[in-house]
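The values are calculated or read from the model by the stated rules, or taken from the named source; none is laboratory data. Fair warning: this is a prediction, and the values are worked out from it, not measured in the lab. Heads up, the Cβs are rebuilt from the backbone with ideal geometry, glycines too, and the neighbour counts pull from every protein chain shown. Ligands, DNA and RNA are excluded from the accessible area calculation, which covers all protein heavy atoms including side chains. Shrake-Rupley method; radii C 1.70, N 1.55, O 1.52, S 1.80 Å.
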Amino acid sequence: MNKDIESVLITEKDLAEINARLGKEISEDYLGKEVVVVGMLKGVLPFMMDLIRNITIPIKIDFMQPNSYHGGTTSQEMILRKDIDLDIENKHVLLVDDIVDTGKTMKLICDMIGKRNPASVEVVTLLDKPEGRLVELTPKYVGTLVPNAFVVGYGLDFDEYYRNMPYIGILKPEKYQ
Ligand code: IMP
């Protein structure tokens, strides 16, 4: 896997620091509130596992599975493969994703969840690629900004590979061109 990576963007140490910071902020901001943390499968898995272990207040977790890439590197139509099971009415919902690029996927999810009468809906993203944004979407919690390149690792995939790399790197363009 490592030979397919052009450069390392975010190391395991950086990821641990990001998760500690975000977990602390969320724990402080949502103290005393009923919180449901909803992760977007499958890319969110490593981030979600590390993030929730840094959240020190009681939370419930659930998952949704939107799919926008269908094995390529550009956003297409979104298909919802799995919805949440928990009731979120009057609950504070935190939607967690690995990366917000065009913002289209998360905007659709926010609108869908917003119609179910939650107390609030906010977005947590490990990575934010603001240069790619095509719709208005501002995540409340951002791990770090990334340049407009295709990144893989720590949950992020290309054609379902690289999710198990423990760090995040830029994929060599010849791997997907
Ligand atoms: P958006 O709808 O364009 O914001 O895309 C959101 C989804 O696209 C993310 O949850 C990722 O699954 C995927 N995605 C966007 N950029 C990248 C990338 O650089 N590498 C891997 N997946 C990406």
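Residues in the range 132-156 that are more than 11 Å from the ligand (Cβ to nearest atom) and either farther than 24 Å from LYS107 by Cβ or not in a strand (DSSP E or B) (or both): GLU136, THR138, LYS140.
Of all the listed residues (THR105, THR125), the sole one being within 13 Å of the ligand (Cβ to nearest atom) and part of a helix (DSSP H, G or I) is THR105. With respect to the conditions (1) in contact with a Leu (Cβ under 6 Å, 6 or more places away or on another chain); (2) modelled with pLDDT under 95; (3) aliphatic (A, V, I, L, M), VAL124 falls short on a single one, namely (2).
If only residues of the range 157-169 that are open to solvent by 10 Å² or more (accessible area, probe 1.4 Å) and in a strand (DSSP E or B) are counted, the one that is nearest to the ligand (Cβ to nearest atom) is PHE158.
Taken as a whole, the structure leaves GLU136 outside the set of residues that are more than 15 Å from the chain's Cα centre (by Cα), open to solvent by 20 Å² or more (accessible area, probe 1.4 Å) and under 30 Å from LYS3 (Cα atoms). Scoring ILE79 on the criteria (1) within 8 Å of the ligand (Cβ to nearest atom); (2) among the hydrophobic types (A, V, I, L, M, F, W, C); (3) at pLDDT below 95 leaves a single failure, condition (1).
Pairs meeting the criteria (first residue in the range 159-177 and within 18 Å of ILE10 (Cα to Cα), second residue open to solvent by 70 Å² or more (accessible area, probe 1.4 Å) and within 12 Å of the ligand (Cβ to nearest atom), beta carbons under 6 Å, at least 6 apart or on different chains) are lacking.
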